[in-house]
Structure formats: structure tokens, C-alpha cells
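Below is one structure, written out as C-alpha cells, with a few remarks after it.
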Amino acid sequence: MAGVEDQVSSLPNSLPITPRTVNTAPMFHHDDQFGSLPITPRTASVAQTPSILSLPITPRTARTPSIVSLPPSQFHSPSLSRSPLLLTGDHAANKPVKTPRSRGLTPRFITPLGSPLRKALKMTRLDPQDAWLPITESRNGNAFYAAFHTLCSGIGIQALVLPVAFTILGWAWGIIGLTVAFVWQLYTLYLMVQLHENHETGLRYSRYLQLACATFGENLGKLSSAFPLGYLSAGTCCALIIIGGSTAKLLYETLCGATCSNPKPLTVVEWYLVFTCVAVVLAQLPNLNSIAGISLIGALTAVGYCTALWTVSVAEGRLPNVSYEPVRKGSQVNKIFDLLNAFGIIAFAFRGHNLILEIQATMPSSEKHPSRVPMWRGVQFAYLLIAMCLFPLAIGGYWAYGHLIPANGSVLTALFAFHSQDVSRSVLALISIFVIINAVSSFQLYGMPMFDDMESAYTTRCKKACPWWLRSIFRAIFGFICFFIAVALPFLGSFTGLIGGIALPITFAHPCFMWLKVKKPKKYSLSWWVNWGLGLLGMGLSVILIAAGLYVVIDTGVKISFFNPQ
């Protein structure tokens, strides 16, 4: 014992005495994912060592583990956040690893769609300007609002001229053309509803021109769509002033009759002005969602006057000496162009695609609740009612009046021309009131894209929302410009067939090409053939109908009367 104590006392004082470890565990290395991360073995306490002094003590130098830096992406991996390997050493010292937050938190009212491609780390792009514009300012719409807007824009003054097309086409071709146009339009309408939300980019195309430019390119999109869209909005508003003002004058004469004591009744221009003032006052409502109630009233009155017109016309019976032979005069070329012009009138009756994306833009949308579902539900209901109005109106009006319908008139003018003495004054007044209310309501709906364009120019330049007083000035200026055009060009109704050919691609052709460009269906598949066929057919018909409309206008002549509305 003395020899051992002497050996211990002879050790240098600078070397610390450390106990040897018991059952030293081997070092494990995980080179597959983390590099060399040593796991420190557990040490035994001093109490577990029976006899330290009885063993020769040799100092042992521990190997310093290498420092390994992990890729940043691995620290954010959900699986690694639960790994015990990250909870050793410094990682466990009051630094708990946080699980990454879910990214699917986009509110339903925000403009871009919550796309499934967020899982691939593709973020959606926000457009703050949408919150300043009247179309996208409010996004709390629903299927009912969509049905109101679609029904109000789908039935209108264009439906009243359908029997005029039947006088040229006859029974067979008239019904065939009307049915084909209705089914064709409903199909392209379905394509537009589906194309509103782009899952690849995460964007919502809230306006027709935006989708056209994104699909065809900036220059081609504006060239092919800007003018037809402008006419379908501003031109329709001008036509509504003409129809609304003329019907208001007719209503006054119906109610007043021969006993009118006013020596100086209002002229047609003055009635135009009255209608415009009412429309401008209602146009002060801020956004598209705020006029949902007006669209409901417009939709109900549209269904009301369409039903009343064909019901009263059929109840009064066919006119004496009525004929259903197609009215085609002149040479063979004239007959062909008259036939094509009639198809243009039917095409003009089925417009309204320039408002579909705008209507859908008023709805909330998210990954779980895309706007296309309630939108398509509202569209289906609206077009069921549209079919119940347009087909009886066209067929019943043609049955009642035949070839006697005025060439530049409508069922309304025919009713007042042939049955003003047979039908009670209250019924005629009610129909006139329905037409006026529908015209005022439709003015708000068709004018909204123009209001949006004007305010978009301001917000783009000034980088802020348009103040209320400037918004009111914009809308008043637009309304009175339309009034000026209606007074200066009261013969716009004579160009119905021509305008139908110009606006035809917006409804029948462009949606098919957009579907091919965006969805890229398999080559030679059914969808590929259908959309290529309908798109090319629509463009061909557009060119032919424009030529036919110009020929008919030049051949038959149009009574040009600037600033002289009748």
C-alpha cells in the first residue's frame, strides 16, 4: 500500500484526476443525412466506481467532434422538426424547434385564388388595385347575386328583335338557329366560368380583357377584344337610352291618351334626358355588388315584359292575311346576305359574355371553395329562365305577326301598332313600365365595366383610390356622353346585324381559343376537336356576318338623321 501511495503522490500536480468511464458506448455516425453527428455516451457517477485508486490512472484526451452545418432547408422540414437528433447539445438549450405554420391561410375575399400549387412553394400574387375598383371592390357575392346579374344581362332589348330574324329565316331555320346559338353560348359560358381562376399562376381574371391579354398576349388581346367589349358596354348603354326614352314617351301617351291637356308634351330628346338623369343618379352606387338589388328588379321586369308580350300577342290571335313565308327579296346574292344578317340578329341577342368574368369577380374564392361552383349554379338557374323567355317570345311573336313585323322594329312596336285599341290601357302601360325599369337596371350593369376602366386609369396614375366626388363626376360624364350619342345617332338600331357580327367572337369564338391555350387539352381529343371547330367556325361566321351586315345596310339604305330622333 505504501508503494501505491508513493506512486500516486509522485504524479504531476498539473494533471487532473478524472475517473475512467465504465461501459464506454461506441460512436455512431449518421452520414446519410446529417454528416458526422456524435452521440455523447453517458458517464457513470463516482459512486458507481468501486476502487479508483486501485487502478493505474492514465489521462485520456477526448477527440473534439467536427462541426457540421446543415442545409437551411432541412431545419424547416416537418419531419426534422420532430427528430430527437436536433434536440441534443446547443439545440436543446432553451431553443425549442418550431413547427412551420400552415400556408393555407389566405382569406376567401382576397383576389388571388388559394392554389394547390402553394405546396410547391408557388405563391399567389396580390393586386392591391383591385380593392379600389368598382368591380372587385366588394367580394361578398353569392349564387343568387350571380343569377340576378346574369338574368338581367341575358334578357333585354335584344330579345325583342328575335321575331324579326324569323321573318327572314322562316320557322325551321329560325328555330334551328336560335337553339344552336343558345347551346353554343351556354357551352362557352361554362368555359369562361372555369377559366376565371388560373391554378397555375394563382390569379383570378376579373375582367374579360385581362383574360384575353393573358391568353393571347397584350397586343393581340387588346386588338381582338377592346373594341367589341367597348361597344357591348357603351353601345348598349346608348341603345338603352333610346329604348328607355322612346318607351317613356309611349307610356305617357298611353296613360294620357286623347284627353291629354298638356299643350306642349315632352319631345323624344327630352324623354331621353329624363331617362339619362335617372340612370346617372342610380349609377352613383359604388360597386357591382351594391347593384344586386337593382339587377334583381331588372331581371324580374325582363321576365315580366317578355312573358306579357308573347302572352298578349298570342291571346289576341294571328293578324289577318299573316304569312310565314321567308321575306327574301332581290337577287340570289341579296337573299344570301339577308339570311346571314338574320343570323347576326340572333347572335346579337346572345351577348353578355363581356360581363360574366366581372360578375364572378364579385364572389369570394379559395382553394376549398372556388368561385366557379356558386357561379355556375347561378348561371344554370338564370339560363333556364332565359330559355323560358326567349323561345316563347321569338316563336309566339312570329306566330302572331308573321311577316308584318316592322323590319327595324320589335315585338313591342308591333304590339302597339296592331293592338293598341284592342288591349286594355293598363296592360300596355304595365308592359311599358317593365321595359323602362329593365332598361334603367341594365344601364347600371353594362355601364359598370366602363366605370371600372375610368377609375382604373385614375388609380394607376395616382396610386390611390378614386374619391367619391370624382367617381360621381366620371359616371355623370359617361351617362351624358351616351345621351349625346343617342341623340346624334338615333339610327343605331338599324345596325343590329352588323354589330352582332362584330361582337360574335367575344361570345362564340374567343372562349374556345382561351380554353385551348390555358387548359391545353390532349391533341386530337374530343375537347381539342370541339374547341378548335367551334372557335374557327365562330371566327368564320363573324367575318361573313360583318360583310352581310354592311351589304344589307348599303343595299337597303338607312335613314340617316343626325340629331333628329323620332
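Are any of the residues in region 373-385 under 27 Å from the mean Cα position of the chain (by Cα) and within 20 Å of ILE437 (Cα to Cα)? Yes.
Checking each residue in region 325-343 for being small (Gly, Ala, Ser) and either touching a helix residue (DSSP H, G or I) at 6+ places or on another chain (Cβ under 9 Å) or within 21 Å of SER542 (Cβ to Cβ) (or both) picks out GLY330, ALA342. Do the conditions hold for SER233, that is, is it part of a helix (DSSP H, G or I), crowded, with 17+ Cβ neighbours inside 10 Å and at negative phi? Yes; evaluated as a whole, the condition is true for this residue. Here is a list: ALA439, ALA457. Which entry is closer than 30 Å to GLY396 by Cβ and among the small types (Gly, Ala, Ser)? After applying the criteria, what remains is ALA439. Could we say that ALA439 is buried (at least 16 other Cβ atoms within 10 Å of the Cβ), among the aliphatic types (A, V, I, L, M) and in a helix (DSSP H, G or I) here? Criteria met by ALA439.
Residues of region 152-201 that are open to solvent by less than 10 Å² (accessible area, probe 1.4 Å), modelled with pLDDT under 90, closer than 30 Å to HIS369 by Cβ and more than 15 Å from the chain's Cα centre (by Cα): ILE155 alone.
Looking at region 236-253 only, could you name the residues that are within 17 Å of ALA347 (Cα to Cα) and either open to solvent by 30 Å² or more (accessible area, probe 1.4 Å) or hydrophobic (A, V, I, L, M, F, W, C) (or both)? ALA239, the sole residue that qualifies. Does HIS369 meet the test of being in contact (Cβ under 8 Å) with a residue 24 or more places away in the chain, part of a helix (DSSP H, G or I) and either open to solvent by 10 Å² or more (accessible area, probe 1.4 Å) or in contact with a helix residue (DSSP H, G or I) (Cβ under 7 Å, 6 or more places away or on another chain) (or both)? Spelling it out, it is not the case that HIS369 is in contact (Cβ under 8 Å) with a residue 24 or more places away in the chain, part of a helix (DSSP H, G or I) and either open to solvent by 10 Å² or more (accessible area, probe 1.4 Å) or in contact with a helix residue (DSSP H, G or I) (Cβ under 7 Å, 6 or more places away or on another chain) (or both).
Within region 204-230, take every residue that is among the aliphatic types (A, V, I, L, M) and open to solvent by 20 Å² or more (accessible area, probe 1.4 Å) and give me the one that is nearest to ALA361 (Cα to Cα).
For region 204-230, the residue satisfying everything is LEU209.
Kindly indicate whether any position in region 337-357 is touching a residue at least 24 places away in the same chain (Cβ under 8 Å), among the β-branched types (Val, Ile, Thr), closer than 16 Å to LEU186 by Cβ and crowded, with 23+ Cβ neighbours inside 10 Å. Yes: region 337-357 contains one or more residues that are touching a residue at least 24 places away in the same chain (Cβ under 8 Å), among the β-branched types (Val, Ile, Thr), closer than 16 Å to LEU186 by Cβ and crowded, with 23+ Cβ neighbours inside 10 Å. Go through the residues of region 361-368 one by one and say whether even a single one is under 26 Å from ALA503 (Cα atoms) and either at pLDDT 90 or above or in contact with a Ser or Thr (Cβ under 6 Å, 6 or more places away or on another chain) (or both). Yes: one or more hits.
The values are calculated or read from the model by the stated rules, or taken from the named source; none is laboratory data. Being a predicted model, the structure only gives us computed values, none of them experimental. In this analysis, Cβ positions are derived from the backbone assuming ideal geometry, glycine residues included, and neighbour counts consider all displayed protein chains. To get the accessible areas, we keep the full protein, side chains included, count just its heavy atoms, and leave off ligands, DNA and RNA. Shrake-Rupley method; radii C 1.70, N 1.55, O 1.52, S 1.80 Å.
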